[in-house]
Amino acid sequence: MKARHKRFGLIAAGLILLVIATVLITKSFRSNLVFFFTPTQVEKGEAPKSGNFRIGGLVENGSLKRLPDGLHVQFRVTDTAKVMLVQYKGILPDLFKEGKGVVAEGKLNANGMFEADQVLAKHDENYMPPEAAAALKAAKDAKAKEGTK
Amino acid sequence: MIPEIGQFSLILAFCFAIVQGTLPLIGVWKNNAALSNLAVPAARTQFAFIAITFICLDYSFFANDFSVLYVASNSNSHLPLAYRLAALWGGHEGSMILWVSILALWTMAVTLFAKSLPETFRIRLISVMGMVSIGFLAFIIFTSNPFERLIPAALDGRDLNPLLQDPGMVFHPPVLYMGYVGFSVAFAFAIAALLDGRLDIAWARWTRPWTTVAWVFLTLGIAFGSKWAYYELGWGGWWFWDAVENASFMPWLVGTALIHSLAVTEKRDAFKVWTVLLSICAFSLSLLGTFLVRSGVLTSVHAFATDPRRGVFILLYLVVVIGGALLLFAWRAPKVGLGEKFDVVSRESMLLTNNVVLVAAAGSVLLGTMYPLLMDALGAGKISVGPPYFDAVFVAIMAPGLFLMGLGPLAKWKKASLPEISLRLRVAAVISVVSALLVPLIMGKLTLMTAVGVFLGIWVISTSLILLRNRIKTRQAATPNLLENIKGIPLAFYGMLLAHLGIGVFIMGVTLVKGYESEQDLRMDKNDVAKAGNLNFRFDGTQDIPGPNYMSTQGTFTVTSNGKVVAVLQPEKRFYPVQGSMMTEAAIQPGVVKDMYVSLGEPLENGAWSVRIYIKPFVQWIWAGAILMALGGVLALTDKRYRILNKKAAKEAQEALEAFEA
């Protein structure tokens with residue numbers, strides 16, 4: 001085999017590898033995109049019926065309750081227009097508090113309850129997760145629109 | 001008074017940065033020695049004023065001067081002294097001060113230690129660093145003044161975020177910034193070379209140690225951060241593919257590529273344009289990281305700023321610096337030239353593959369990090385990219401590169417023979433395959449991921465050891481004494497070896513902890529016993545202990561194995577009254593083979609607690625690997641060959657220049 005042929009073969013192999021890699025990356029990328037929905041959107045049925053997504057809003061005051069096993073917790077997330085019930089098994093993050101912003105990732109179960117496998121509350125006293133803030137703003141805007149009708 | 005002095009010297013520093021960043025460049029261009037000689041004094045004066053600024057700000061923290069808004073927002077009179085001083089970089093404004101201080105430090109180092117560079121080149125280098133500094137100082141002065149007064153003064157400060165009250169806070173940010181900002185030297189080298197239109201072996205030799213130092217700091221900084229997240233966040237994770245982590249990881253990947261590419265440029269006078277491009281990219285990604293972390297676009301404990309003006313400013317700055325550098329690159333790169341040719345199978349081609357793999361990996365991380373931000377900015381909805389994407393894609397891209405890591409160092413420059421290399425590595429191949437099957441079986445279960453991971457880890461380690469044996473063997477004829485033989489091998493070689501071993505150790509750690517960690521969330525009453533493998537965790541109840549600025553509830557867990565006590569773990573739940581926040585302090589018994597990890601969840605009725613118990617096999621190997629990599633970098637730096645060659649290269653360059661001028 002001449003050096004030129006060898007080089008051509010290697011370049012071709014490299015290109016094929018590159019194409020395969022790109023296809024795999026794109027596929028993996030698409031299947032791991034997690035979309036965000038507000039409680040209002042979930043209520044309207046815009047969220048996926050199966051598969052993970054994120055919700056965000058405020059933890060409703062007085063809604064946090066611990067199930068008898070001591071590990072499952074339930075709380076309600078509100079965007080001030082609509083409310084949804086969330087269940088989570090495990091230890092809540094330190095910054096999780098009633099009346100504060102929260103983002104949860106998980107999926108809807110058969111009863112329409114949101115089963116979270118991750119609860120994010122990375123805020124401090126004066127900081128709200130952007131997703132939670134966006135949910136509140138969307139609900140507020142919708143209300144304002146209805147008011148002007 | 002002190003804050004005003006700080007502010008004033010910040011403005012003076014800005015003025016000197018402008019002098020340093022513009023006049024010497026004009027001087028070199030117009031051949032005006034008076035102007036070009038300003039570079040060094042201007043840089044040193046700038047350093048002095050920035051040092052004064054830094055000291056003034058830290059003094060305000062030391063003295064609890066709550067009439068300074070920034071101090072009042074980030075400190076508290078009850079905060080322990082070390083954290084008070086570190087609180088300087090606990091917020092947005094101060095971390096910008098840290099950034100420019102470190103830039104000034106690096107510039108100062110260049111004026112002191114880069115004496116062997118040809119005069120014009122050195123002046124350009126310092127001047128480019130001055131330009132970088134102008135942007136950041138303007139940013140601080142016009143949008144994020146840390147000395148702003150609070151009138152009337154606060155009685156006490158709002159305290160440092162409890163998450164940040166940890167020894168990690170003292171080390172992690174400065175070390176990480178030393179790395180980030182250190183790439184500015186390589187960047188300035190590249191820009192100066194483009195302006196010069198000349199890039200030769202001597203250039204690569206000058207740049208290499210600077211880049212390596214920055215890389216060592218960045219490696220350590222990332223490792224510190226990862227370790228900190230591991231014990232402080234209380235959830236036992238060591239890497240979350242969080243945008244902020246990615247922001248530091250991308251420059252690391254490109255920086256690693258740069259180190260290897262520089263080696264080729266120095267040894268073979270090849271990859272020249274590529275090296276310049278990587279230098280620009282590494283620093284651009286550092287700037288992008290700063291932008292991501294500091295502009296408030298991210299949801300993270302790292303994001304302090306929410307002022308959109310700052311975001312716009314940094315974005316503009318990015319466009320000017322990166323865009324300008326790339327334009328200059330497009331214009332001048334053809335002058336630099338591609339460099340020497342090489343065969344398809346050669347050390348050069350292997351290193352090229354290494355570079356492609358590293359850059360592709362950085363690209364995939366960039367895609368996952370920036371895509372959600374881009375979609376959000378375009379109003380296309382809020383999305384996030386899950387860690388499984390990063391795990392899958394990153395591993396898939398890196399795996400072939402790691403395999404080639406075994407072959408590369410054995411390949412000859414210019415033209416190598418694959419059959420010869422494979423013959424040398426057959427022992428390593430056998431060892432790796434056997435361990436890939438054996439180790440998972442010993443650990444309990446065999447999966448594809450663990451088998452591949454162990455194979456790659458052992459492959460990297462065993463090929464490195466074979467490389468060492470090979471080196472010793474080829475030198476045996478000349479130096480029969482084994483000890484002298486080992487001593488005679490240049491330190492740079494050992495540095496490479498150590499860094500590669502570090503990668504192997506790191507891969508083993510990641511594979512084994514991912515494959516075999518166990519996690520339980522439990523409800524435990526006093527005297528309850530939880531089982532994890534052959535270990536029993538007994539909960540002995542809690543007690544309240546006051547801390548300096550918090551109240552702590554400390555639990556005690558006695559861990560026994562076959563009736564013998566192996567560890568007593570005391571996790572805490574701390575309450576910080578100033579910010580009204582709770583913090584989980586995990587208790588960890590680290591070990592070579594496994595970590596035992598317990599953290600307290602929440603109190604339940606009758607003294608019971610929800611508790612999280614982890615067993616993390618080989619997790620310490622992750623950071624041990626990173627430390628080995630950094631040590632490898634340090635060894636490579638101490639190679640005496642450098643200093644001698646540096647002097648020689650300087651002499652040659654000076655002679656060439658004199659001959660040219662004559």
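Structural remarks
- Residue match in the range B:136-146 (condition: buried (at least 20 other Cβ atoms within 10 Å of the Cβ), within 19 Å of B:Val28 (Cα to Cα) and out of contact with any Asp or Glu (no Cβ under 9 Å at 6 or more places or on another chain)): no
- Qualifying residue in the range B:376-388 (condition: of a type outside the set (Gly, Ala, Ser), away from chain A (no Cβ under 14 Å) and touching a residue at least 24 places away in the same chain (Cβ under 8 Å)): no
- Taken across the range B:221-233, residues that are in contact with an Asp or Glu (Cβ under 7 Å, 6 or more places away or on another chain) and either modelled with pLDDT under 90 or surrounded by fewer than 21 Cβ atoms within 10 Å (Cβ to Cβ) (or both) do occur, with at least one present.
- Set B:Ala451, B:Ala428, B:Ala436: member being in contact with a Pro (Cβ under 9 Å, 6 or more places away or on another chain) and at pLDDT 90 or above: B:Ala451
- Checking each residue of the range B:60-74 against the condition of being more than 30 Å from B:Met551 (Cβ to Cβ) and under 32 Å from the mean Cα position of the chain (by Cα) gives no match.
- Only a single item in (1) assigned to a loop (DSSP other than H, G, I, E, B); (2) out of contact with any helix residue (DSSP H, G or I) (no Cβ under 6 Å at 6 or more places or on another chain) is not met by B:Pro41, and it is number (1).
- Looking at the range B:57-173, the helices (runs of 4 or more DSSP H) lying wholly inside it that each contain 1 or more residues that are within 30 Å of B:Tyr231 (Cβ to Cβ) sit at B:69-74, B:81-86, B:92-113.
- Check on B:Leu373, surrounded by fewer than 22 Cβ atoms within 10 Å (Cβ to Cβ), closer than 24 Å to B:Phe394 by Cα and within 11 Å of chain A (Cβ to nearest Cβ): yes
- Cross-chain or 6+ apart pairs with Cβ under 7 Å, the range A:94-120 first and buried (at least 18 other Cβ atoms within 10 Å of the Cβ), then in a strand (DSSP E or B) and of a type in the set (Asp, Glu): A:Glu105/A:Asp117; A:Gly106/A:Glu115; A:Gly106/A:Asp117; A:Ala116/A:Glu105
- Residue tally, condition within 14 Å of another protein chain (Cβ to nearest Cβ) and in contact with a helix residue (DSSP H, G or I) (Cβ under 9 Å, 6 or more places away or on another chain), over the range B:233-289: 10
- Evaluation of B:Leu446 against the conditions (1) outside any helix (DSSP H, G or I); (2) touching a residue at least 12 places away in the same chain (Cβ under 8 Å) shows that the sole unmet condition is (2).
- Counting only strands (runs of 3 or more DSSP E) that sit wholly inside the range B:506-589, those with at least 1 residues that are within 28 Å of B:Pro162 (Cα to Cα) and over 35 Å from the mean Cα position of the chain (by Cα) are B:518-524, B:535-546, B:551-561.
- Taken together, B:Gly555, B:Gly632, B:Gly547 contain a single residue that is within 30 Å of B:Ile461 (Cβ to Cβ) and small (Gly, Ala, Ser), which is B:Gly632.
- Any chance B:Leu199 is aliphatic (A, V, I, L, M) and out of contact with any Pro (no Cβ under 9 Å at 6 or more places or on another chain): yes
- Residues satisfying the stated conditions in the range B:260-283, i.e. closer than 15 Å to B:Trp215 by Cα and among the small types (Gly, Ala, Ser): B:Ser261, B:Ala263, B:Ser279, B:Ala282
- Matching residues, the range A:47-60, being surrounded by fewer than 21 Cβ atoms within 10 Å (Cβ to Cβ) and more than 17 Å from A:Val119 (Cα to Cα): A:Pro48, A:Lys49, A:Ser50
- Residue match in the range B:591-599 (condition: assigned to a strand (DSSP E or B), within 11 Å of chain A (Cβ to nearest Cβ) and at pLDDT 90 or above): yes
The values are calculated or read from the model by the stated rules, or taken from the named source; none is laboratory data. Owing to the predicted nature of the structure, the values given are computational and were not obtained by experimental measurement. In this analysis, Cβ positions are derived from the backbone assuming ideal geometry, glycine residues included, and neighbour counts consider all displayed protein chains.
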